[in-house]
1. Please list, short to long, the whole-number percent of alpha-carbon pairs of region 89-229 in consecutive 5 angstrom bins beginning at zero.
2. Please compute the net charge surrounding residue 270, taking Lys and Arg as +1 and Asp and Glu as -1 over other residues with Cβ under 15 Å from its Cβ.
3. Please report, in debye to the nearest 20, how large the charge dipole of region 261-321 is about its Cα centre when each Lys and Arg carries +1 at its beta carbon and each Asp and Glu carries -1 there.
4. For residue 34, what is the net charge nearby, where nearby means another residue's Cβ is under 13 Å from its Cβ and Lys, Arg count +1, Asp, Glu -1?
5. Extending each Cα 7 Å along its Cβ direction at residue 220 and residue 172, get the distance between those two points in nm, one decimal.
6. Calculate what fraction, in whole %, of the accessible area of region 128-189 sits on carbon and sulfur atoms when a 1.4 Å probe is rolled over the protein chains.
7. Could you calculate the FRET efficiency of residue 325 with residue 283 from 1/(1 + (r/R0)^6), where r is the beta carbon distance between them and R0 is 51 Å, rounded to 0.05?
8. Counting heavy atoms of the protein chains only and a 1.4 Å probe, report the per residue accessible area for the chain as a whole number of Å².
Amino acid sequence: MTQSPATPLPPPEERRRLREAGSLTQAQLAERAGVTRETVRAWESGRTNPRGRKGEAYAKLLSAWVQEEPPLAEVTAPQFHEELPAESPAPLTPTQAFDALYAFCAPALVRQAYLLTGRRELARESVERAFQLAWQRWPEVAVDRDPAGWVRATAYEYALSPWHRFRPRYRSPEAPPADASDRALLAALLRLPPPQRRTLVLYDGVGLDLPETAAETEASTPAAAGRLMNAREAIAAHLPDLSDPTELHRRLAELAATERLRAAKPPVVRTGSERRARFWTRAAIAFTVALIGTTAMTLRTAPTHYEPPIAPGAEIQGVPPRVAQGALSEAERQLREKLRGAMTSRPERLAPLSR
C-alpha cells in the first residue's frame, strides 16, 4: 500500500494571512473545509497539520488565494513550500525579507488606510511611514510573531492620528468617490469615532476574528464587540441596505477596490527610512553638542563662591542740611591771588616755618 505524497502547505504563520487574503473568517473557512472553527485555529497556530481529504481541500483553498488578489486583504503571498523539501532554501537577507513583507502587505494596507481616513495621499503616507519605522526596527520586526500585524497596527495608528487636522495639506477635503453609493458609505464610515471605525475595518473588512481584533485595537473582547455592534448600527442607520454583515463586507471590499491606490516601491521606502534616520541622528548629535556647550559656558561663567546680596539703604536722621558755598573772605582772596602768582613750571619745595 503506497502512501499519498504530502500535501503542499505554507508555514503555519502564513496560513492566517492567506485566509485574510481570501477575506474569510475562521468560521467561514471551517464551513468551506468541512471542519470546526477550533480545527482551523489549530491549523493556523501550527499545533496540528491538516491530513487526508480535509487537508487537500484546505490546501486548494490556500493555493486559490495565492493566485488571486482580493481588494482588501493582504496580497502577493509567498510561494508554497513542501513539507519535506529536498534542499533547504537559502536564508533571505534583511533587504529581501523586508521587500517580501512590503510586497505582501503594502497594496492592501493602502486600501485599508483609505477606508479609515477617506484621503488617498494620507493612506499612502501612513503605509510608507509604517514600513519606514519597520525598517528602522527591522531586527525587532523580523522576529515578531506577526510582522504584517505589527506594520498594520503602526499604519492604523499613524492614519488615525488627530494631529493631521493641523497640517495645511490635509485641511481641505479631497475629491469623493465618483459613485453615489460609495460616497454615502465613505461618509458613513468617517462619521464613526476612530475606535469604532478601526474595529469595523478589521473585523468586517480584513476578516479578523473578535479576539484578534480586540488584541490589535488594545481593547478587551467585550469592548471590541460593543464597538463593532455600535459601528454596525450607525452604518445601518444611514444605509439600511448594509444591515447584513455579509453585504457590509462586500461593499467595503468594493469601495476599497474602486480607488486606484498605488504604494511606493520598496527601495524608495528603505531609502526614505535611512534618510530620516540619518537626519534625526544628526539632529540628536547637534542638540547634544549644543547642550554640552551651554553647560560648559554656564560652569565657566558661574560664580565660585557665595556673594550675599547688598542690603537696602536706610534713612539716617540728624544730618544737617547741605549748605551752598558762599563768598570768599578777604584773607581767602589774598591767598588765592598769592597762589596764582606763584605758579611755576615745577613744584616748589616747601619748608616749614618756625614760629
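1. With a bin width of 5 Å, the distribution comes to 2, 9, 18, 20, 19, 15, 10, 4, 2, 1, 0.
2. Details: positive: 129, 137, 265, 275, 276, 278; negative: 99, 128, 274.
With Lys, Arg at +1 and Asp, Glu at -1, the net is +3.
3. Values: 8 positive and 3 negative charges, 238 e Å.
Rounded to the nearest 20 debye, it is 1140 debye.
4. Details: positive: 32, 37, 53, 54, 60; negative: 31, 56.
Once positives and negatives cancel, what remains is +3.
5. Roughly 4.7 nm, to one decimal.
6. On the way: 1930 of 3450 Å².
Its accessible area is 56 percent carbon and sulfur atoms.
7. Numbers: r = 71 Å, r/R0 = 1.38.
Using R0 = 51 Å, I get an efficiency of 0.15.
8. Heavy-atom SASA per residue in the chain reads 65 Å².
The values are calculated or read from the model by the stated rules, or taken from the named source; none is laboratory data. All values reported here derive from a predicted model rather than from experimental measurement. For neighbour counting, all protein chains shown are included, and Cβ atoms are generated from backbone atoms with ideal geometry for every residue, glycine included. Surface areas here come from the heavy atoms of the whole protein model, side chains and all, with no ligands, DNA or RNA. Shrake-Rupley method; radii C 1.70, N 1.55, O 1.52, S 1.80 Å.
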